[in-house]
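Written out below as structure tokens is the structure these notes cover.
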There are 2 protein chains.
Amino acid sequence: MSRGLEKFFEPESVAVIGASATPHKAGHDVIRNILANGYAGRLYLVNPKGGEILGLKVYPTVEELPEGIDLAIVILPASANAAAIRACAGRGISHFVLAAGGFSEVDEGGRRLEEELAEIIRETGVRVIGPNTSGHTSTPHRFTSSFFPLGRIPPGHISYLAQTGNFATHTMRYIITHGLFGVARVVGLGNKLDLEESEVLEYLSQDPETRAVFVYLESLKRPRRFLEVAAQLTRRKPVVLLKGGRTQAGARAAVAHTAALSADDRLLSGALRQAGVVSVEKYSHLFLAAKALARMPLPRGNRVSFLAPSGAMLVALTDLCQNRLGLEVPALEDASRRGLQEMSPPYIRMRNPVDIWPAALMIGIDAAYGQGMEIVLNDPNVDAVVPILMLTADFGLPPLDFIVDLARRHPEKPIYATFSGDKDLMEQARSELEPRGVPTFSLIEEPFEVLSILARCRQAMARP
Amino acid sequence: MSRGLEKFFEPESVAVIGASATPHKAGHDVIRNILANGYAGRLYLVNPKGGEILGLKVYPTVEELPEGIDLAIVILPASANAAAIRACAGRGISHFVLAAGGFSEVDEGGRRLEEELAEIIRETGVRVIGPNTSGHTSTPHRFTSSFFPLGRIPPGHISYLAQTGNFATHTMRYIITHGLFGVARVVGLGNKLDLEESEVLEYLSQDPETRAVFVYLESLKRPRRFLEVAAQLTRRKPVVLLKGGRTQAGARAAVAHTAALSADDRLLSGALRQAGVVSVEKYSHLFLAAKALARMPLPRGNRVSFLAPSGAMLVALTDLCQNRLGLEVPALEDASRRGLQEMSPPYIRMRNPVDIWPAALMIGIDAAYGQGMEIVLNDPNVDAVVPILMLTADFGLPPLDFIVDLARRHPEKPIYATFSGDKDLMEQARSELEPRGVPTFSLIEEPFEVLSILARCRQAMARP
């Protein structure tokens, strides 16, 4: 049961314990983030100095806070956390985000401090995210507890569950500033003293705002429960996981990171796969696949058609699909082949993948790619289409409306665009396509890697 | 023997047979390319209409050309090539680039045309690149026979040998407009009727302008000879190969592309590896690895140190290095570890890979990364260093001189930079670092993939 997680994700009142008037300090930037996101609940600040911060009254002590605040964000040194929780609990606060590091991930002294917190949790029944978390985010509630300068976080339907603070810090800045997609809920688990992955996963499984869950974990605190929840969830929503610490060296680095020992990895891998969780190995795939999923439907299967201005690209990418990515490059229906042949010079024998250069030279890039994509999108053997657009100064940037239009008229098949040619035209094409819902990728291999991940998600969803 | 290839790469006089006054036609754009690159030899144009093109006199017939021109670029329909070669041979021209497609890659009629060319080659002893080639380039001689609008091609020391025209067309535009690196010789082999890969490889092995060879092939015409040449060459220069058609579906696409049947691939793979040729599977690696190699030394080995603002990135990348890329993430000397510890808060235990965020927050990004990189660059266990720079608006773009300076003071160890954080700062950092010799990469995994390729090149070079 995800008992009472609503107070984390939909708090009506929040207290910042350790509020600071000094810009760039965590106790200050957390307030800025909350304000920047338009949080509509009541916000209380606590600092012994009192006064005002950013126009808000500061309470000198926790004892002066009103009763019944939903959530406290504690931004104090590790050693001061226990007393702060006790004081807050005395005012009826039951939910906490503990930002400080310096607990079990550090040394024996930190481990003892963490045990003291565990004791308080047992005694009082409070719920805790962290310690050692850079916070969590809930855009449907316009709320974040992150202390890293984020500004406004765009809302969307991708959720992150992570044993790392990255998705509340620089990786979230990457996602926001690259305009990749909006998020629903983001949880940095920190040391997982209380709240751990399986309970959050359960919350996300029931969360109507969450359409896909991207997970980074170095250890599982309750593997059996996680697998149970995942096994149900993955039939309805994609769950993509990067499990850190799969190698001995990686596991050593993980211990340095979160002090969490990783489970026997091979055993776990098999169980996760059986539960429909799709594993990835590249950190970047945690946002590239999310971007594709935020803008396009999940592919119905693993059969891809692609169009490129180069035989070598067609050959190399076909090899990559078949050899490494578990994607099929299917033969097309006869009618589709005839259609492609009609738009092409007779000297080239048209098929899937589609060599589009001759047609582009004859009838123009937009006509060639437009007609070619229409044909393969209509082919029942094809689940997804990747146009590799040739964009060079001499031919100029064609009007790309046709791709947006094709995406609209084929809502069941994802289209991922990528490019070959001139840098400035590629950037123009990106900035025309992305805001209109067509995801683009820098290197020609990326859309196929992403498709491979999402085709596995579909397979997991359809498993018996 | 690479008999007489000098006339391809250093022609003192060139004739364009099929010169055109119409912009965007191949017979026109090839002239523009030759002029744009500052070709210093004599240039003759032939077209029955006579007159002038781009200020140059046009000869109505081949028969009117002066004797002894080094090279003819023939841009005529397939069926007109045989007569053109005979006419040119009659004027003493011995070297040809044949641009037209429509030969054996198309149909039986094309195959007969190609046989006719083969017969002429046997009779006359002329040398031919193509047919079905988009041309070749030789920047030391400021010459290109490409008919794709390229503009000036920057000179450098990377050479391409390719059974595809991409490196004379849109991929070359990609390389040029992204400012990736300069090239020395580029050969699009086309149908390989005469000149094939082993002879070009031999030329490149002896070419002082070529420091590394990147190869795309779908078939080997003389596998034994290619392996002999490669086995010698790879001890002195890196040879990186993408072999297209490794899978059945890929091979089918290759037949559609160049009509060349691929050799038994597994057998060939082993032989190529033994000959020191390093295989890659991603087309993009043919320019990303080249970029790294153009700006940085070949790594002495496969041991990488990296610095990131995130424990999760450290863990995930360590797994990727060990699990997939054949890279080691070695332990550091004690002195190095002490040095890292001194710049970091005591709560984090410093090691390789290097968690740099705490130090960056304490002493600034440039000081933290600067000192950290210096320490790992000085460590004898480390062959290459990848800084993953955290760049976010709140911290601003630090002066990046320290990275350029570190690269200068550690000329034996490659540094590849990548980023996490804000898009505009990442772009600024790229445009500061790249022109000053430090290669940068968009996604954090790319420098490791590139390092994996180049470490294998070093291993090949050092093999017994």
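The values are calculated or read from the model by the stated rules, or taken from the named source; none is laboratory data. Bear in mind that the values here come from a model prediction, so they are computed numbers and not experimental data. Positions of Cβ are generated from backbone atoms using ideal geometry, with glycine treated the same way; all protein chains shown enter the neighbour counts.
Taken over region B:37-74, the criterion of being in contact with a Pro (Cβ under 9 Å, 6 or more places away or on another chain) and among the charged types (D, E, K, R) is satisfied by B:ARG42, B:LYS49, B:ASP70. Condition check: more than 18 Å from A:LEU189 (Cα to Cα) and in a loop (DSSP other than H, G, I, E, B). Does A:GLU116 satisfy that? No; evaluated as a whole, the condition is false for this residue.
The single residue among B:GLU228, B:GLU196 that is out of contact with any Gly (no Cβ under 6 Å at 6 or more places or on another chain) and closer than 14 Å to B:PHE8 by Cβ turns out to be B:GLU196. Please indicate, with yes or no, whether at least one residue in region A:248-269 is on the phi < 0 side of the Ramachandran plot, modelled with pLDDT of 95 or more and either touching a strand residue (DSSP E or B) at 6+ places or on another chain (Cβ under 9 Å) or buried (at least 21 other Cβ atoms within 10 Å of the Cβ) (or both). So far as region A:248-269 goes, no, none of its residues is on the phi < 0 side of the Ramachandran plot, modelled with pLDDT of 95 or more and either touching a strand residue (DSSP E or B) at 6+ places or on another chain (Cβ under 9 Å) or buried (at least 21 other Cβ atoms within 10 Å of the Cβ) (or both). With respect to A:GLU12, determine if the residue is closer than 14 Å to A:ILE93 by Cα and more than 14 Å from every other protein chain (Cβ to nearest Cβ). Taking the combined requirement at face value, the residue satisfies it. Determine if region A:275-284 includes at least one residue that is buried (at least 23 other Cβ atoms within 10 Å of the Cβ), aromatic (Phe, Trp, Tyr), at pLDDT 95 or above and farther than 29 Å from A:PHE441 by Cβ. Within region A:275-284, none of the residues are buried (at least 23 other Cβ atoms within 10 Å of the Cβ), aromatic (Phe, Trp, Tyr), at pLDDT 95 or above and farther than 29 Å from A:PHE441 by Cβ. Scoring A:ARG456 on the criteria (1) at negative phi; (2) over 18 Å from the mean Cα position of the chain (by Cα) leaves a single failure, condition (2). So for region B:227-246 (the condition being farther than 18 Å from B:GLY135 by Cα, of a type in the set (Gly, Ala, Ser) and in a loop (DSSP other than H, G, I, E, B)), does at least one residue qualify? For region B:227-246, residues farther than 18 Å from B:GLY135 by Cα, of a type in the set (Gly, Ala, Ser) and in a loop (DSSP other than H, G, I, E, B): present. Residues in region A:301-328 that are facing another protein chain (nearest Cβ under 7 Å) and not in a helix (DSSP H, G or I): A:PRO309, A:SER310, A:ARG324. Check region B:220-236 and report whether any residue there is under 23 Å from B:GLU281 (Cα atoms), within 14 Å of another protein chain (Cβ to nearest Cβ) and modelled with pLDDT of 95 or more. No, region B:220-236 has no match at all. Can you tell me which residue in region A:442-464 is surrounded by the fewest Cβ atoms within 10 Å (Cβ to Cβ), limited to those that are assigned to a loop (DSSP other than H, G, I, E, B) and within 14 Å of chain B (Cβ to nearest Cβ)? Step by step, filter region A:442-464, then rank; the result is A:SER442.
In a residue-by-residue description of region B:89-108, the property of being among the aliphatic types (A, V, I, L, M), more than 19 Å from B:GLY188 (Cβ to Cβ) and modelled with pLDDT of 95 or more applies to at least one position.
Candidates in region A:154-179 are the residues that are more than 14 Å from every other protein chain (Cβ to nearest Cβ) and crowded, with 24+ Cβ neighbours inside 10 Å; of these, the one that is farthest from A:ALA26 (Cα to Cα) is A:ILE158. The residue of region B:279-300 that is nearest to B:ARG351 (Cα to Cα), among those that are more than 10 Å from chain A (Cβ to nearest Cβ) and of a type in the set (Gly, Ala, Ser), is B:ALA292. Checked against (1) surrounded by fewer than 16 Cβ atoms within 10 Å (Cβ to Cβ); (2) touching a helix residue (DSSP H, G or I) at 6+ places or on another chain (Cβ under 9 Å); (3) away from every other protein chain (no Cβ under 14 Å); (4) touching a residue at least 24 places away in the same chain (Cβ under 8 Å), A:SER79 passes all but condition (3). Just one of (1) within 14 Å of chain B (Cβ to nearest Cβ); (2) β-branched (Val, Ile, Thr); (3) farther than 30 Å from A:SER442 by Cβ; (4) surrounded by fewer than 21 Cβ atoms within 10 Å (Cβ to Cβ) trips up A:VAL126, so point out which. If we test A:VAL126 against (1) within 14 Å of chain B (Cβ to nearest Cβ); (2) β-branched (Val, Ile, Thr); (3) farther than 30 Å from A:SER442 by Cβ; (4) surrounded by fewer than 21 Cβ atoms within 10 Å (Cβ to Cβ), just (1) comes out false. Restricted to region B:1-106, the set of helices (runs of 4 or more DSSP H) holding at least 1 residues that are over 25 Å from the mean Cα position of the chain (by Cα) and over 25 Å from B:ILE153 (Cα atoms) comprises B:81-90.
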